Amino acid sequence: MKILLLGAQGQVGQELKLVLPSLGTVTAWGRADFDLATSGGLMAAVVEQQPDLIVNAAAYTAVDRAESEPELAHQINAVVPEQLAQAAESCGSKLIHISTDYVFDGRQNRPYQIDAATNPLGVYGQSKLAGEQAVQRATDRYAILRTAWVYGAKGKGNFVKTMLRLGAERDELGVVYDQVGTPTWAYDIAQAIAALVPQLNEQTFGIYHYTNSGAVSWYDFAVAIFEEARTLGYPLQLSSVRPITSEQYPTPTERPAYSVLAGDRLARVLNQTAPHWRASLRKMLKEYLNIYK
């Protein structure tokens, strides 16, 4: 199998670079290989590769900055997926595209099913939803994988890394408690994608949700990070984590208050359930410890 991976430098992309070679020959593109901010010639370049599978892990993920850069967010999150889907259709390949819980408004209080009504609250979510819709218009041979609250040892900053940094610098920290979701380890996402690839066919194309199992607030996630980090010997001076409201920590983008995703469909296709978020957090912190120190 010839696999083309986009977003190879990101959190999930770096994990995919490690697991996808077990399925075939991987060509991995990062920022240095293709400028997705313009994406001129992208479709032609993909078709030239003649991949059997395209995995799009590239995304504009600066949720707050997207409010002031809507064109760039739309370009990377909507135009690029459309071009990839058109290329996939042209050369008869399959496409796996990673999306987000932010396509939902977070106003329900039960896990979101794959067919739940979408209603993104900000530019980032709107651009990601536009990308989903563009993929669906351009090809039938796709799997859209929505995930949430992604973190990992590799790639740029994320909530876990931010908490570790602040925990080493401050005595007290306030974290919002009124937003609930599921922290998801990038490594687990990559493993789920690799497991899904052999299962993709006319009956299994479509939308999937994948996160670690369980649900937690940002506040309780932060508390867990510090508990696990202390056990592993991370240098922390933090003595107190305070629960605060979203109103006490205003951001340019309104976040979904509840964005737990129901992963039933993927669990059935893979015949396996996702690891619990706390177990995966512990594994990530063990991996990151040497890098952090």
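The values are calculated or read from the model by the stated rules, or taken from the named source; none is laboratory data. All values reported here derive from a predicted model rather than from experimental measurement. Here the Cβ positions follow ideal geometry from the backbone for every residue, glycine too, while neighbour counts run over all protein chains shown. These accessible areas exclude ligands, DNA and RNA; they are computed on the full protein's heavy atoms, side chains included. Shrake-Rupley method; radii C 1.70, N 1.55, O 1.52, S 1.80 Å.
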Scanning segment 133-165 residue by residue, those part of a loop (DSSP other than H, G, I, E, B) and among the polar types (S, T, N, Q) turn out to be THR139, ASN158
Which numbered condition ALA59 fails, given (1) open to solvent by less than 40 Å² (accessible area, probe 1.4 Å); (2) farther than 21 Å from CYS91 by Cα
(1)
Hey, could you check segment 240-255 for residues that are under 25 Å from the mean Cα position of the chain (by Cα) and at pLDDT below 95 and say which is surrounded by the fewest Cβ atoms within 10 Å (Cβ to Cβ)?
PRO250
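Return yes when VAL269 is in contact (Cβ under 8 Å) with a residue 40 or more places away in the chain, more than 28 Å from THR204 (Cβ to Cβ) and touching a strand residue (DSSP E or B) at 6+ places or on another chain (Cβ under 9 Å) and no when it is not.
Working: in contact (Cβ under 8 Å) with a residue 40 or more places away in the chain: yes; more than 28 Å from THR204 (Cβ to Cβ): no; touching a strand residue (DSSP E or B) at 6+ places or on another chain (Cβ under 9 Å): yes.
No, not satisfied.
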Take the residues in segment 196-212 that are buried (at least 16 other Cβ atoms within 10 Å of the Cβ) and not in a loop (DSSP other than H, G, I, E, B); name whichever of them is nearest to the chain's Cα centre (by Cα).
HIS209
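Quick check: is even one residue across segment 273-284 under 24 Å from GLU169 (Cβ atoms), open to solvent by less than 70 Å² (accessible area, probe 1.4 Å) and in contact (Cβ under 8 Å) with a residue 40 or more places away in the chain? Talk me through it step by step, then tell me what you get.
Quick first cut of segment 273-284, residues under 24 Å from GLU169 (Cβ atoms) only: 281-282, 284.
When the remaining residues are screened for being open to solvent by less than 70 Å² (accessible area, probe 1.4 Å), the result is 281, 284.
Keeping just the survivors that are in contact (Cβ under 8 Å) with a residue 40 or more places away in the chain gives 281, 284.
Checked segment 273-284: at least one residue is under 24 Å from GLU169 (Cβ atoms), open to solvent by less than 70 Å² (accessible area, probe 1.4 Å) and in contact (Cβ under 8 Å) with a residue 40 or more places away in the chain.
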Return the residues of segment 22-54 that are assigned to a loop (DSSP other than H, G, I, E, B), of a type in the set (S, T, N, Q) and open to solvent by 20 Å² or more (accessible area, probe 1.4 Å); say none if nothing qualifies.
THR38, GLN50
In segment 248-275, the residues that are within 20 Å of MET163 (Cα to Cα) and either hydrophobic (A, V, I, L, M, F, W, C) or not in a loop (DSSP other than H, G, I, E, B) (or both):
GLN248
What number of residues within segment 226-239 are open to solvent by 40 Å² or more (accessible area, probe 1.4 Å) and not in a loop (DSSP other than H, G, I, E, B)?
4
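Looking at segment 110-118, is at least one residue part of a loop (DSSP other than H, G, I, E, B), farther than 16 Å from ALA87 by Cα and in contact with a Lys or Arg (Cβ under 9 Å, 6 or more places away or on another chain)? Give the derivation first.
The initial filter retains those residues of segment 110-118 that are part of a loop (DSSP other than H, G, I, E, B), namely 110-111, 113-118.
Pick out the ones that are also farther than 16 Å from ALA87 by Cα and you get 110-111, 113-118.
Those still in the list that are in contact with a Lys or Arg (Cβ under 9 Å, 6 or more places away or on another chain) too: 113-114.
Within segment 110-118, one or more residues are part of a loop (DSSP other than H, G, I, E, B), farther than 16 Å from ALA87 by Cα and in contact with a Lys or Arg (Cβ under 9 Å, 6 or more places away or on another chain).
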When you check VAL19 against the structure, is it open to solvent by 10 Å² or more (accessible area, probe 1.4 Å), farther than 21 Å from ILE207 by Cα, touching a Ser or Thr at 6+ places or on another chain (Cβ under 6 Å) and not hydroxyl-bearing (Ser, Thr, Tyr), yes or no?
no
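Filtering segment 136-162 down to residues that are among the polar types (S, T, N, Q) and surrounded by fewer than 24 Cβ atoms within 10 Å (Cβ to Cβ), which residue is farthest from ASP264 (Cα to Cα)?
So in segment 136-162, the residues among the polar types (S, T, N, Q) come out as 136, 139, 147, 158, 162.
Now narrow it down to the ones that are surrounded by fewer than 24 Cβ atoms within 10 Å (Cβ to Cβ): 136, 139, 158, 162.
On the way: GLN136: 21, THR139: 24, ASN158: 27, THR162: 31 Å.
By that ranking, first place goes to THR162.
Results for (1) surrounded by fewer than 22 Cβ atoms within 10 Å (Cβ to Cβ); (2) among the hydrophobic types (A, V, I, L, M, F, W, C); (3) more than 23 Å from PRO275 (Cα to Cα), shown as yes or no for each residue.
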residue	(1), (2), (3)
ALA78	yes, yes, yes
GLU82	yes, no, yes
ALA85	no, yes, yes
LYS94	yes, no, yes
SER99	no, no, no
VAL103	no, yes, yes
ARG107	yes, no, yes
VAL123	no, yes, yes
ALA134	yes, yes, yes
Flagged pairs (Cβ under 8 angstrom, 6 or more apart or on separate chains; first in segment 160-172, touching a residue at least 24 places away in the same chain (Cβ under 8 Å); second among the charged types (D, E, K, R) and open to solvent by 20 Å² or more (accessible area, probe 1.4 Å)) are GLU172/ARG242
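Out of the residues in segment 166-195 that are closer than 30 Å to LEU6 by Cβ and part of a strand (DSSP E or B), state the one that is most open to solvent (accessible area, probe 1.4 Å).
Quick first cut of segment 166-195, residues closer than 30 Å to LEU6 by Cβ only: 179, 181-195.
Then keep just the ones that are part of a strand (DSSP E or B); that gives 181, 184-185.
Details: GLY181: 0, THR184: 0, TRP185: 15 Å².
The extreme case among them is TRP185.
If you go through segment 119-132, how many residues are assigned to a loop (DSSP other than H, G, I, E, B) and of a type in the set (A, V, I, L, M, F, W, C)?
Going through segment 119-132, the residues assigned to a loop (DSSP other than H, G, I, E, B) turn out to be 119-122.
Retained after the next criterion (residues that are of a type in the set (A, V, I, L, M, F, W, C)): 121.
Residues flagged as assigned to a loop (DSSP other than H, G, I, E, B) and of a type in the set (A, V, I, L, M, F, W, C) within segment 119-132 amount to 1.
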Kindly establish whether ASP115 is open to solvent by 40 Å² or more (accessible area, probe 1.4 Å) and at pLDDT 95 or above.
yes
